[in-house]
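The values are calculated or read from the model by the stated rules, or taken from the named source; none is laboratory data. Fair warning: this is a prediction, and the values are worked out from it, not measured in the lab. Using ideal geometry, Cβ is built from the backbone for each residue, glycine included, and neighbour counts are taken over all protein chains shown. Areas reflect the complete protein model, heavy atoms only, side chains present, ligands, DNA and RNA absent. Shrake-Rupley method; radii C 1.70, N 1.55, O 1.52, S 1.80 Å.
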Amino acid sequence: MKTKNRFIQTSVLFFSLLLAVISTMAQTGRKYTYEFLALPPSARITGLGGIAPSLKDDDINLSVYNPSNLNASHHNSLSFNHHFHFAGISNGSAAYGRHIAPWGLTAQISVGYISYGEFKLTNESDVNLGTFTASEQYLGIGVAKKLNERISAGLQVKTVFSHFETYQSTGLAGDLALQYENPDKKLAVSFLVRNLGGELSTYRATALSAPLDIQIALSKRLSHLPLRFSIIAHQLQQWDVRYDDPNTQQETDLFGEVKKQSAFAAGADNFFRHFIFNMELMLGKKEGFKLRAAYNHQRRQELNLSTFRSMAGFSLGFGIKIRQIGIDYGLGYYHLAGATNHLSIVTNLDRFKSKAGS
């Protein structure tokens, strides 16, 4: 018992010191890099608006985004995800979970990548010098522990590798999470500090930060309907998240004067840009079929066109379980030009063992 406690205390101290170093790097950076870390790691999360809700079930992909979602049902869980982006850009990830019963911990390891494709290499005179590629990868290790019956804490550290032509960068990013659950009220609330960190070795002299995002999420399942909804507040580290588009056409009144948005309207718009609303409907005897929908106001305001109607900001998806395998599909609308498609496969290796043993 003493050995176990010493190990836990040592691990907590180690990760605390590591995150202190990561935090220092984040404070010195001026701009974000490793933006692919902000992408949703699974199709389910894509269908729920791009951010994981406060939810503990057997889907290990939720814990890749929010480590406090790790739980014992992730033991021997395995997932594979592929995200189809625009213009041939693609990214994917995989995760594996393990519950360590003697220590009361659940851990997971994940890997992810993004490939930006092949580019034409030219000099200042536009002479063709060949081609080059650009890609980024990460390796993450996460762990979570129940502090009491209703509160869990999670931690994840990611090592990042980036390669653009001959330029290279490595970095560290950490996720810190706390989650409160009330099973009687079917309610969960989580606090997440995501991608706290930055570059260790840089493209240039100035170190850049990872895409920091502080979030608070609330998830509630209805008592008499198989429906769960979530309200997620994100980008809480910065109040004004509006983008001042210089290409926006200014509207004028009858006298030719430029119409200005009122302070109240601007404040309300900025306020709702911090929120994502999603819902998940569970159908079937064992809830083996799920329908998902979400709305991201910030994405809609930044990528919607005033002259054309589009689905920008909305997300849709579904999930189905076929015996030992769960298949999820997510559709994220970003722009009038189209949407991204996300496909995930999740399974638990213990289910195959039990079936073989029977």
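Computed in the context of the full set of protein chains, the accessible area of the stretch 186-244 at 1.4 Å probe radius has 62% of its extent on carbon or sulfur. Going down the table (K145/K290; K158/K286; K185/K290; K120/K321; K120/K290), which pairs top 32 Å between alpha carbons? The answer is K158/K286; K120/K321; K120/K290.
Each residue, Q238 and Y295, gets one label point 7 Å from its Cα in the Cβ direction; the gap between the two is 2.5 nm.
Extension gain, D126-Y113: 0.36 nm per intervening residue step, less the Cα-Cα distance, totals 1.6 nm.
Centre-to-centre separation between the Cα atoms of the stretch 52-83 and those of the stretch 135-197: 11 Å. Once the chain from F84 to I151 is taken as fully extended at 0.36 nm per residue, the excess over their C-alpha distance is 20.5 nm. Among D240, D269, the order of accessible area from largest down is D240, D269, computed with a 1.4 Å probe on protein heavy atoms.
Which whole-number percentage describes the relative contact order of the stretch 52-154, with Cα contacts under 8 Å and a sequence gap of 6 or more? For the stretch 52-154, the relative contact order is 24 percent. The stretch 320-344 and the stretch 32-46 have Cα centres lying 14 Å from one another. Using a probe of 1.4 angstrom and keeping all protein chains present, the accessible surface of the stretch 172-243 works out to 49 square angstrom per residue.
For the stretch 31-66, trypsin sites (Lys or Arg not before Pro) meeting the loop criterion (DSSP other than H, G, I, E, B) and having at most 14 other Cβ atoms within 10 Å: K31.
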